Structures are given as structure tokens and as C-alpha cells.
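For reference, the structure discussed in these notes is given below.
Coordinate-derived values only; no laboratory data. Predicted model, so just to flag it, every value in this text is computed and none were measured. Cβ placement follows ideal geometry from the backbone for every residue including glycine, while neighbour counts extend to all protein chains displayed.
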Amino acid sequence: MRATAKRLKGRLAELWQGLREWCGDAAYEKYVQCTARRSAEPPLTPAEFYVEQMDRKYSRPNRCC
């Protein structure tokens, strides 16, 4: 019974992580991991990262209308 509960808990954790990645909630954690591997510079703070993401998203021309 414990092994089944442990497997279920593991599957739920995988599902939760997949959901966080799909909706973009895990973007900062992924950014920190990549920055740590690639650069000696310290990563941006969560607030700085959020502002940079918003600037990147809304600075492009919008041609919907």
C-alpha cells in the first residue's frame, strides 16, 4: 500500500510540475538554473525577471487591430 501511495505522490508531483511549466509559473526557476550553468553573473531577482518578461512580451508590435 505504501508503494502505491508513494507512486501516486510522485505522479502528482510530476503533473504539478508539468502544469507549472505549461502555464509559465516555473519560468524563473528554469532561468536561474540556466543562468547558473552558462554565466558567472548573478541572475536577476524575481521582480527584475518579471519586468524583463513583460517588456519582452509587450514591446513587440501588435498587429491584431
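Looking at Leu44, Leu8, Leu15, which is the one that is of a type in the set (A, V, I, L, M) and touching a residue at least 12 places away in the same chain (Cβ under 8 Å)?
Numbers: Leu8 fails: touching a residue at least 12 places away in the same chain (Cβ under 8 Å); Leu15 fails: touching a residue at least 12 places away in the same chain (Cβ under 8 Å).
Going through Leu44, Leu8, Leu15 in turn, the sole match is Leu44.
Among the residues in the stretch 31-43, are any of a type in the set (Gly, Ala, Ser) and under 10 Å from the mean Cα position of the chain (by Cα)? Outline the logic, then answer.
Applying the first criterion (of a type in the set (Gly, Ala, Ser)) to the stretch 31-43 yields 36, 39-40.
From what is left, the residues that are under 10 Å from the mean Cα position of the chain (by Cα) are none.
No, there is no match, as no residue in the stretch 31-43 is of a type in the set (Gly, Ala, Ser) and under 10 Å from the mean Cα position of the chain (by Cα).
In this structure, does Pro61 turn out to be over 15 Å from the mean Cα position of the chain (by Cα) and assigned to a loop (DSSP other than H, G, I, E, B)? Spell out how you get there, then give the answer.
Values: over 15 Å from the mean Cα position of the chain (by Cα): yes; assigned to a loop (DSSP other than H, G, I, E, B): yes.
Taking the combined requirement at face value, the residue satisfies it.
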